[in-house]
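I have placed the structure first, in the form of structure tokens, so that the comments after it can refer back to it.
The values are calculated or read from the model by the stated rules, or taken from the named source; none is laboratory data. Quantities reported herein were computed from a predicted structural model and do not represent experimental measurements. All Cβ positions, glycine included, derive from the backbone under ideal geometry; neighbour counts span all protein chains shown. In case anyone asks, the SASA skips ligands and DNA or RNA and just uses the protein heavy atoms, side chains included. Shrake-Rupley method; radii C 1.70, N 1.55, O 1.52, S 1.80 Å.
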Amino acid sequence: MTGTSMIPSGGRENTRVLALAALVVLAVAVYLALRSSALESPGAASLLPYQELAATLVGADQALFADLTKQMVDVEGLRAAEGRWPDAGRLKSSTGFTWTASREGYFLNYLATPGGDPSAAAWLLVIQEPDPQAPVDPAPNDETHHRLPDGTVLHVSIWTHRFGGQIDRKFVRQPERSGWTQVLTAPVPPAPALRK
């Protein structure tokens, strides 16, 4: 026998397994650190699973969202001036989009679907008018509550859906259950509890 000692193969195997386990733990730790700091935008933790901040959209979609926010104000202005909601044909057509309108009860949808590219996003403006028999909504004006000059408080939202050329163009009551993503400029604060 020579003076060389041999490490049993089980020892080498244990060393490899421990090194691989340490590498996996390190990778998970790095992922979690990046996700919680650099990759998450401020306020994103308070978003619901179907919501996204406009700042996280690609540049072209951010510009389109800004345009749709202005369109929402224009549509509300026409409603205030004329006493009824405008036809979809009166909305300004963004390049490559076709507008349709549908209504069900107090809910109104303005849907913008892309023309040429079926994988392009569709956009949806959802407006809910109040029930005339309900008490006046005390919600302050914010991103999802708009007050018309006559005091009517509307619940409004802007939604997007990938592969917009492939979606069904029918009325959408609950966009969050149909694969739509609500786009917001900032997280919406929770509604205050009603006092009894």
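A few notes on this one:
- Selected residue [within 23 Å of GLY89 (Cβ to Cβ), among the polar types (S, T, N, Q) and open to solvent by less than 60 Å² (accessible area, probe 1.4 Å)] from THR152, THR144, THR113, THR181: THR113
- Region 98-133 - residue that is in contact with a helix residue (DSSP H, G or I) (Cβ under 9 Å, 6 or more places away or on another chain), small (Gly, Ala, Ser) and farther than 14 Å from ARG169 by Cα and, of those, modelled with the highest pLDDT: ALA120
- Extreme residue, surrounded by the most Cβ atoms within 10 Å (Cβ to Cβ), among residues of region 26-53 that are outside any loop (DSSP other than H, G, I, E, B), out of contact with any Leu (no Cβ under 7 Å at 6 or more places or on another chain) and at pLDDT 75 or above: GLU52
- Close pairs (9 angstrom Cβ cut-off, 6 or more residues apart or separate chains): within 23 Å of GLU82 (Cα to Cα) and modelled with pLDDT of 90 or more in region 134-152, open to solvent by 90 Å² or more (accessible area, probe 1.4 Å) and hydrophobic (A, V, I, L, M, F, W, C) anywhere: THR152/VAL136
- Top-ranked residue in region 62-97 [being crowded, with 16+ Cβ neighbours inside 10 Å and farther than 27 Å from ALA186 by Cβ; ranked as modelled with the lowest pLDDT]: ALA88
- The sole residue among LEU91, LEU57 that is under 15 Å from the mean Cα position of the chain (by Cα) and either at negative phi or touching a residue at least 24 places away in the same chain (Cβ under 8 Å) (or both) is LEU57.
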